[in-house]
Amino acid sequence: MNQFSAEYSPQEIHMWFERMQYHDSTESSIVIAVPSSFVQDQIEQRYARAIEDRLLEISGSPIKLEFHVQRAASSPRAQRSSAQLVREEQQEASASQESSRSAPRLSVTTAVKRPHPSLNQRYTFDNFVIGENNNFAANAALAISKNPGTAYNPCLVYGGVGLGKTHLIQSIGNTVYQDIDNAKIIFVSAEEFTNDFLNALREKQTAQFKNKYRYADVLLIDDIHFLQGKEETQEELFHTFNALYEANKQMVFTCDRPVSELRQLKDRLRNRFERGLNVDLKPPSFETRLAILQKKLEQSNRNIPESVLNLICSNVTTNVRDLEKALTRILAYAELVGKDITEEVARQQLKDIFVTHHQASINIDFIQRAVADYFNLTTNELKSKKRTAAIAFPRQVAMYIARQITELSTTEVGLEFGGRDHTTVMYACQKIENKMKSDSTIEPMVKRLIRDIRESNAKG
Ligand code: ADP
Ligand code: MG
């Protein structure tokens, strides 16, 4: 709200803005409590657009303003009759009409080039923060965007939800679009590709479909896990792939897991995806999470206390989208309520986001118990000094799993296993990795344990 004080007269601020109260929010909307439907209508007509524009500027994504009529029981206004209230409000409204100014003008940016229809301009390499979790993937994507069709073809980027797959693949598209005139870029989600194909079949326009995809210079397909079980579409993509591959056209795909784990994908298509470069995106470290938030703040020209940034980064650990959501909400709150953001305010406003992340993070006791159960040991035995094979191997498995699915360092994991040294943990992980290669029963066992641990952890 403080942002608006420069734009509107004090009367308007008093009349309308001071009557809005932050009520609730979701990822894409903010609910404002207002004292009456009349106030709601007035605000909607006069200011909603400007506020939404401002929120878009701050957050980078559209946020809708919604209203909730809330008459405060203790407020003296509420004790007056509604007729009285409306009369008062109308008087105030006409008073403010005289002083109201025209809505603030939108800033106009001159685009270098018309945006590519299917690409979102927001996704650029400039605003992608590179950290230890994504540098391989990001550098591969950069190289591809500079020399499409020659570097790393095809390329498959995989990783969990909200880790930047769509951002990276679209950055490639946006860069090529800016740099190379007339390059034919196609960006689609696997779902759109599927629908496009099914429509073509239905309307007997498969020739057009083939022409469209097989003459692309750069084909970018997001979320190919969606193709699982869709055999005809897989078949079609297989042929598209071959045509483009033969012609040295660049292809980039994203997937939410390694393609080896896509059960319902035809081997020959899987084989094509695996052909070029496969790189993964991992969850960002604390430092990278902080860097991402700082970058966003920088872009929106805003600031929040460092303690609040730390709080968000400590509590939102596994997903950049949620990290952004938390920041957006805090900024919107500050904007609308006009209050300083303290740790307490942040904790209160971000409760639901924090809770989800705490559930998602798996604690080590849980892993120790699951592994001990599986091998019919006690957790004390797992943590003990005993070195018999019957205990040492399960212990190594548990350490390996802990490193895979928690954020604990080798030092921290060592402490949880009877105060062992971090080199012991490193050795254990190495040992399990080697065994997975030499003994084909080990990997499925470890994977199953991880899956069971995740599932029962999710259930709480
Ligand atoms: P995915 O496609 O993997 O589910 P997205 O690409 O949609 O994830 O990313 C989720 C959000 O997080 C997007 O708004 C994206 O811009 C942002 N994001 C992800 N990784 C980064 C990063 N390294 N730097 C800046 N923003 C990021
Ligand atoms: Mg995505």
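The values are calculated or read from the model by the stated rules, or taken from the named source; none is laboratory data. Here the structure is a predicted model, which means the values were calculated and not measured. Every residue, glycine as well, gets a Cβ built from its backbone with ideal geometry; the counts of neighbours run over all protein chains shown.
Taking the stated definitions as given, is Gln178 closer than 22 Å to Ala140 by Cα and either over 31 Å from the mean Cα position of the chain (by Cα) or more than 16 Å from ligand 1 (Cβ to nearest atom) (or both)?
yes
Among the numbered criteria (1) crowded, with 20+ Cβ neighbours inside 10 Å; (2) modelled with pLDDT of 90 or more; (3) more than 30 Å from Ala6 (Cα to Cα), which one does Ile362 miss?
Answer for Ile362: the failing condition is (2).
Residue check: is Glu343 in contact (Cβ under 8 Å) with a residue 12 or more places away in the chain and within 16 Å of ligand 2 (Cβ to nearest atom)?
no
Would you call Arg302 touching a residue at least 40 places away in the same chain (Cβ under 8 Å) and basic (Lys, Arg)?
yes
Would you kindly identify the helices (runs of 4 or more DSSP H) lying entirely within the range 218-306 that contain at least 1 residues that are charged (D, E, K, R), within 16 Å of ligand 1 (Cβ to nearest atom) and surrounded by 15 or more Cβ atoms within 10 Å (Cβ to Cβ)?
Output list reads 286-300.
Do the conditions hold for Val345, that is, is it assigned to a helix (DSSP H, G or I) and under 30 Å from Thr328 (Cβ atoms)?
For Val345, the condition - assigned to a helix (DSSP H, G or I) and under 30 Å from Thr328 (Cβ atoms) - is met.
Residues that are at pLDDT 80 or above, under 16 Å from Lys325 (Cα atoms), exposed (fewer than 14 other Cβ atoms within 10 Å of the Cβ) and outside the structural domain of Leu323 (by TED's automatic domain parsing): does the range 63-74 have at least one?
Within the range 63-74, one or more residues are at pLDDT 80 or above, under 16 Å from Lys325 (Cα atoms), exposed (fewer than 14 other Cβ atoms within 10 Å of the Cβ) and outside the structural domain of Leu323 (by TED's automatic domain parsing).
Keeping to the range 396-425, report how many residues are over 34 Å from the mean Cα position of the chain (by Cα) and either surrounded by 16 or more Cβ atoms within 10 Å (Cβ to Cβ) or under 19 Å from Leu377 (Cβ atoms) (or both).
Final tally of qualifying residues: 4.
Can you report the number of residues in the range 249-264 which are closer than 12 Å to Leu227 by Cα and without any contact (Cβ under 8 Å) to a residue 24 or more places away in the chain?
0
Give me the pairs: first residue in the range 147-165 and within 18 Å of Ala190 (Cα to Cα), second residue acidic (Asp, Glu) and more than 11 Å from ligand 2 (Cβ to nearest atom), beta-carbon distance under 6 Å, and six or more apart or on different chains, which are they?
Going by the 6 Å Cβ cut-off, the qualifying pairs are Tyr158/Asp280; Gly159/Asp280.
Out of (1) charged (D, E, K, R); (2) assigned to a helix (DSSP H, G or I); (3) more than 28 Å from Glu18 (Cα to Cα), what's the single condition that is false for Glu324?
For Glu324, the failing item is (3).
Condition first: within 14 Å of ligand 2 (Cβ to nearest atom) and charged (D, E, K, R). Now tell me which residues in the range 151-197 satisfy that.
Correct list: Lys165, Glu191, Glu192.
Would you check if there is a residue in the range 426-435 being crowded, with 19+ Cβ neighbours inside 10 Å and aliphatic (A, V, I, L, M)?
The answer is yes, given that some residue of the range 426-435 is crowded, with 19+ Cβ neighbours inside 10 Å and aliphatic (A, V, I, L, M).
Could you please find all residues in the range 142-175 being within 12 Å of ligand 1 (Cβ to nearest atom) and among the basic types (Lys, Arg)?
Selection gives Lys165 alone.
Being away from ligand 2 (no atom under 16 Å from the Cβ), among the small types (Gly, Ala, Ser), without any contact (Cβ under 8 Å) to a residue 12 or more places away in the chain and not in a loop (DSSP other than H, G, I, E, B): is that true of Ala200 here?
Judged against the criteria, Ala200 is a match.
Per-residue answers, yes or no, for (1) within 16 Å of Ile432 (Cα to Cα); (2) assigned to a loop (DSSP other than H, G, I, E, B); (3) modelled with pLDDT of 90 or more:
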| position | (1), (2), (3) |
| --- | --- |
| Lys385 | no, yes, yes |
| Ile391 | yes, no, yes |
| Gln396 | yes, no, yes |
| Ala402 | yes, no, yes |
| Leu408 | no, yes, no |
| Val413 | yes, no, yes |
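I need the full set of residues from the range 318-335 which are surrounded by fewer than 22 Cβ atoms within 10 Å (Cβ to Cβ), more than 16 Å from ligand 2 (Cβ to nearest atom) and among the polar types (S, T, N, Q), in order please.
Result: no residue meets the conditions.
Is it the case that the range 299-316 has a residue that's in contact with a strand residue (DSSP E or B) (Cβ under 8 Å, 6 or more places away or on another chain), hydrophobic (A, V, I, L, M, F, W, C) and closer than 22 Å to Glu132 by Cβ?
no
Filter the range 203-217 for residues that are farther than 30 Å from Val161 by Cα and assigned to a loop (DSSP other than H, G, I, E, B); which is nearest to ligand 1 (Cβ to nearest atom)?
If we take residues in the range 203-217 being farther than 30 Å from Val161 by Cα and assigned to a loop (DSSP other than H, G, I, E, B), then Tyr215 is nearest to ligand 1 (Cβ to nearest atom).
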